[in-house]
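Contents: one structure, followed by commentary.
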Amino acid sequence: MFTFYWRKFIVPYWLLALTAVVCFIIASAAGLAAPLVVKLLIDDALAGGNIVFLHFITAGIVVLYLIRGLFSYFYGYTMAKSGNKMLAKLRQEMFGKLQSLDYAYFMRTPSGDLISLFTNDLLFIQQAVTVGIPDVIVESLNLLAIMAIMIYFDWELAMVTFATLPFIIVAISYFNSRIGRLGALVEHTLAKVTSIIQQSLVSVMIVQSYVREDYEYQKFSDKNQQAADDLIKVQRLGAILVPLVEFLAAIGLTIIVWYGGREVINGDLSIGGMFAFLVYIINVPMPIRKISQALTYLKLGGVAWERINRLLNEQTPTVVDGYREIPVARGLVEFQKVSFAYRQDKPVLHDVNILAQPGEIIAIVGPSGAGKSSFANLLLRFYDPDQGSVCLDGVNIKELKISELRKHIGFIQQEPILFNTSILENIRYGRPGATVSQIEQAARLANAHDFIMELPQGYNTMVGEMGGNLSGGQRQRIAIARAIITEPAILLLDEPTAALDAHTEKQVMSAIRQAGVGRTTFIITHRMSTIVASDRVLYLAAGRVVETGTHLELMDKGGAYAKAVQLGEVTLRIQE
Ligand SMILES: Nc1ncnc2c1ncn2[C@@H]1O[C@H](COP(=O)(O)OP(=O)(O)OP(=O)(O)O)[C@@H](O)[C@H]1O
Ligand SMILES: [Mg+2]
């Protein structure tokens, strides 16, 4: 936690931090001087009957507290300023890291956990940074100063008073280690709670259609309760600690009354001196209380920092960015002896060889789990093959800049993901800075322009959450427009019409055919109408390319593909 604090906070914001420290020292010094003034008041002004000095001291007290107040404000303000700047930067860094991670990371990390990092864990860090660490440092200084002054005044009395200090330290460290252990638990549970919220928002339609609202409610309630219970435990520990420490400090006070009283009676200590001592010891519990509270924040912040650090240090060894650029691609795609597995014990593709000429339309067909989507994942470099190579225009795609490669591929999924903004912005997402006429052209090519113009707000229509205001076929055609606006050399479609009825499929297919002109097109499909419109079929089964040829050739051959068609694995829709 402290190294984090040093690197992320002190180093970049040293000027603000320094200002904060200086302000604090001035404010503290003013506060610490107050008991001395009390001593002067009693021993000199009151005992000596000196009215002028009394006025002088009264004015002094006002000035001292004015200075203290003013510099406390400066301290609080600079602390908040640097703390919040640091947090904003950290949040930005985390988000930047998220954008840089590869697809595999998101496949294995629940998104709720990630959201929790940005909400709950950052909140713990915020407490640790803006309250925890400054309080530990500043209040320790404060405490040391009080102790130093007490020793300076009367070291014997001071030593006797400090006898309770070891007990205070033991109590604080005991409670803190327990708080730390519980804190990790709390943050884990809070991540679960966030996860449940996020899941239920994303799948609200499923929840409602299966009438599982009660089940979701209960699931949430259990975790929510657990998080609350754990937090209560943590705060109970904190709540025991504070009065315990205060009680131990109060014993110190009693010692002063007893031991100091004897010294005063013996004439070793002035009455004012004893009073000042009492005022100091009364001031002791406050910094100790703040320190123990701050240590709780630090513990929780430390756990949160570990979790955030895990994200920031996440390595993505699988997919490493390349360096070569090809501004214009022809669209020659070649898979050479490609083997691939997501997990070592479960191979997904074996020795796959594919050569697609520029402009060719290839239908990739095969049973569920054959590895069709995995083929797409490799071409897009969401993953890299374990053996063999994937080449674009004769260049191994590992050597290409990933951003270059993906610019050349228009990728369309079964369920298009649209952003909750206007149609115009959704299409423009493919090519930032595209003009309205370029967007319209892409929409025309994608067979979308006409239906867009029929919408009341045309291109400015908001598509709704996940594009929910549009029909499936409309969403898909907007996704096609978004994919082709970059004029990619390759179109990669993963079951683009699987979710659509026959009529809508026709509209989308004609959009794909228009959009595919002059582009190498891979279309993963079960639909016969799509297959017969392709130049070539690639039949994939159990991760191998079993057969390849035109639909008719393969039917004539009577092999695995023909059998699959006869068995109805490929939906026969020739008649449509
Ligand atoms: N992210 C992943 N992690 C681990 N295994 C995966 C992952 N994605 C897919 N698989 C496994 O890889 C195999 C091939 O999956 P793939 O998605 O490529 O099949 P598919 O041919 O697209 O099937 P479908 O027609 O059902 O979409 C399956 O056995 C699947 O369980
Ligand atoms: Mg698939």
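We did not get these values from a lab; they are worked out from the coordinates using the rules stated. Bear in mind that the values here come from a model prediction, so they are computed numbers and not experimental data. Using ideal geometry, Cβ is built from the backbone for each residue, glycine included, and neighbour counts are taken over all protein chains shown.
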Query raised in the report: Quick one: is Leu298 hydrophobic (A, V, I, L, M, F, W, C) and under 42 Å from the mean Cα position of the chain (by Cα)?
Result: yes
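Working only within the range 337-368, note down all residues that are out of contact with any strand residue (DSSP E or B) (no Cβ under 8 Å at 6 or more places or on another chain) and touching a residue at least 24 places away in the same chain (Cβ under 8 Å).
Applying the first criterion (out of contact with any strand residue (DSSP E or B) (no Cβ under 8 Å at 6 or more places or on another chain)) to the range 337-368 yields 343-346, 368.
Result: no residue meets the conditions.
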Report summary line: Selection from the range 362-405 of residues away from ligand 1 (no atom under 16 Å from the Cβ) and farther than 30 Å from Thr550 by Cβ yields Lys398, Glu399, Leu400, Lys401, Ile402, Ser403, Glu404
Report task. With the condition kept exactly as written, say whether any residue in the range 407-426 is among the small types (Gly, Ala, Ser) and either over 30 Å from Asp351 (Cβ atoms) or within 16 Å of ligand 2 (Cβ to nearest atom) (or both). Result -> yes
Query raised in the report: Going through the range 27-81 one residue at a time, which ones are touching a residue at least 60 places away in the same chain (Cβ under 8 Å), surrounded by 16 or more Cβ atoms within 10 Å (Cβ to Cβ) and over 25 Å from Ala148 (Cβ atoms)?
Result: Thr78
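Where in the range 177-288 are the helices (runs of 4 or more DSSP H), entirely inside, with at least 2 residues that are free of Cβ contacts under 8 Å to residues at least 12 places away in the same chain and among the acidic types (Asp, Glu)?
Details: elements: 204-209, 213-255, 261-266, 271-283.
Result: 213-255.
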Requested in this report: Evaluate the range 509-517: report whether one residue or more is closer than 21 Å to Ala370 by Cα, part of a helix (DSSP H, G or I) and aliphatic (A, V, I, L, M).
Outcome: no
Query - Whichever residue in the range 520-537 is surrounded by 24 or more Cβ atoms within 10 Å (Cβ to Cβ) and not β-branched (Val, Ile, Thr) and, among such residues, is farthest from the chain's Cα centre (by Cα) - result: Arg527
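With respect to Ser209, is the statement that it is out of contact with any helix residue (DSSP H, G or I) (no Cβ under 8 Å at 6 or more places or on another chain), surrounded by 14 or more Cβ atoms within 10 Å (Cβ to Cβ) and under 30 Å from Ile417 (Cβ atoms) true?
Numbers: out of contact with any helix residue (DSSP H, G or I) (no Cβ under 8 Å at 6 or more places or on another chain): yes; surrounded by 14 or more Cβ atoms within 10 Å (Cβ to Cβ): no; under 30 Å from Ile417 (Cβ atoms): yes.
No: the conditions fail for Ser209.
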Report summary line: Filter the range 344-402 for residues that are over 33 Å from the mean Cα position of the chain (by Cα) and among the charged types (D, E, K, R); the one that is farthest from ligand 2 (Cβ to nearest atom) is Asp393
Report summary line: Those residues of the range 330-366 that are among the charged types (D, E, K, R) and under 18 Å from Gly394 (Cα atoms) come to a total of 4
